[in-house]
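The values are calculated or read from the model by the stated rules, or taken from the named source; none is laboratory data. Remember, predicted model here, so these are calculated numbers, not experimental data. Cβ coordinates were reconstructed from backbone atoms using ideal geometry, including for glycine residues, and neighbour counts include every protein chain displayed.
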Amino acid sequence: MPAATKSGNRFAEWAGPPVPTGLKPKDLVGIPWRVALALQADGLYLRCDIVWAKLNPLPESVHDRPTRSHEYLFLLAKSERYFYDSIAAKEPCHSGPADIRKMLEGLPRLGGKHKVLHDPLAKASAATNIGRHRAVFATFPSALVEPCLLAATSERGCCRRCGAPWQRDLPGSPERWRPGCSCPLGDPVPSVVLDPFAGSGTTLLVTQRLGRNGVGIELNPAYEALVRRRCGDVITATPRDFLRTGGPAAIGATAA
């Protein structure tokens, strides 16, 4: 696509990268939301957008807009009904009755040590980003991954025959689990997490720590050694496999 050029007196000559159709030079593309809406159009259910608030964001490379201190996570599902463990993703409340009363009364702030109440997905800080010391500069902190995996995968595991996740016995006994299918009863197997952009293996690392099995797909076979160092005993495709198939390497991490 040719780069945008002067059209009348509206735009000055643009010497930057090509501009997609429908956008102007310097427009914010909005890729996260475009991807989410494209997946929705393809049939997935877009259920929620989650703001990852970065406490220590990197500065912008330009000087004519504010520094962005957030990114988006999207909850998408393949069907109208899906597994979601809200109990596992919850944080304990540390506020006392007086603080809760103040909140209900609409006072502008809480006092003492309970002044700030954090959401687990807002705690992840760019300060924990290992990318500045490693080969991958798009990594995210493990604290961002953990609540996502806790909510999206069953702690008890899934059916070894059909893959249906075991469910909490709600509303009666949330600490008890029951099969999510009608297959003959048997011991469940660990849930499986797929990361199609494995990178440095952060998702696989958290998957392993939470007792799930993980499969990562990574285009660059050079990241295999980095994933091995971080995850320990994992199964990976070799660079020879990568070159033979012409496709991405697959990396598997099993629960300890």
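The set of residues from region 188-227 being within 28 Å of R168 (Cα to Cα) and aliphatic (A, V, I, L, M) comprises V189, V192, V193, L194, L204, L205, V206, L210, V215.
On the given criteria, is F83 at pLDDT 90 or above, among the hydrophobic types (A, V, I, L, M, F, W, C) and in a strand (DSSP E or B)? So F83 fails the test. Filtering region 21-35 to residues that are under 24 Å from R47 (Cα atoms) and surrounded by 12 or more Cβ atoms within 10 Å (Cβ to Cβ) leaves G30, P32, W33, V35.
Taking the listed residues D64, D49, D42, the one that is free of Cβ contacts under 8 Å to residues at least 60 places away in the same chain, touching a helix residue (DSSP H, G or I) at 6+ places or on another chain (Cβ under 8 Å), more than 20 Å from A164 (Cα to Cα) and of a type in the set (D, E, K, R) is D49, with no other qualifying. The residues of region 197-234 that are without any contact (Cβ under 8 Å) to a residue 40 or more places away in the chain, of a type in the set (G, A, S) and part of a loop (DSSP other than H, G, I, E, B) amount to a single one, G232. Within the bounds of region 87-105, is there any residue that is over 30 Å from the mean Cα position of the chain (by Cα), assigned to a loop (DSSP other than H, G, I, E, B), exposed (fewer than 10 other Cβ atoms within 10 Å of the Cβ) and modelled with pLDDT under 85? No.
Scanning region 38-70 for residues that are surrounded by 13 or more Cβ atoms within 10 Å (Cβ to Cβ) and either of a type in the set (F, W, Y) or over 21 Å from Y84 (Cβ atoms) (or both) returns Y45, W52, A53, K54, P57, L58, S69. If you go through region 35-63 and keep only what is part of a loop (DSSP other than H, G, I, E, B) and of a type in the set (A, V, I, L, M, F, W, C), you end up with L44, L55, L58, V62. Among all positions in region 227-245, there is at least one residue which is over 20 Å from L144 (Cα atoms), out of contact with any helix residue (DSSP H, G or I) (no Cβ under 7 Å at 6 or more places or on another chain), crowded, with 16+ Cβ neighbours inside 10 Å and at pLDDT below 85. Filtering region 129-151 to residues that are at pLDDT below 85 and within 9 Å of the chain's Cα centre (by Cα) leaves only F140.
Here are L185, L194: which of them is surrounded by fewer than 17 Cβ atoms within 10 Å (Cβ to Cβ), at pLDDT 80 or above and assigned to a strand (DSSP E or B)?
Working: L185 fails: assigned to a strand (DSSP E or B).
Result of the check over L185, L194: L194.
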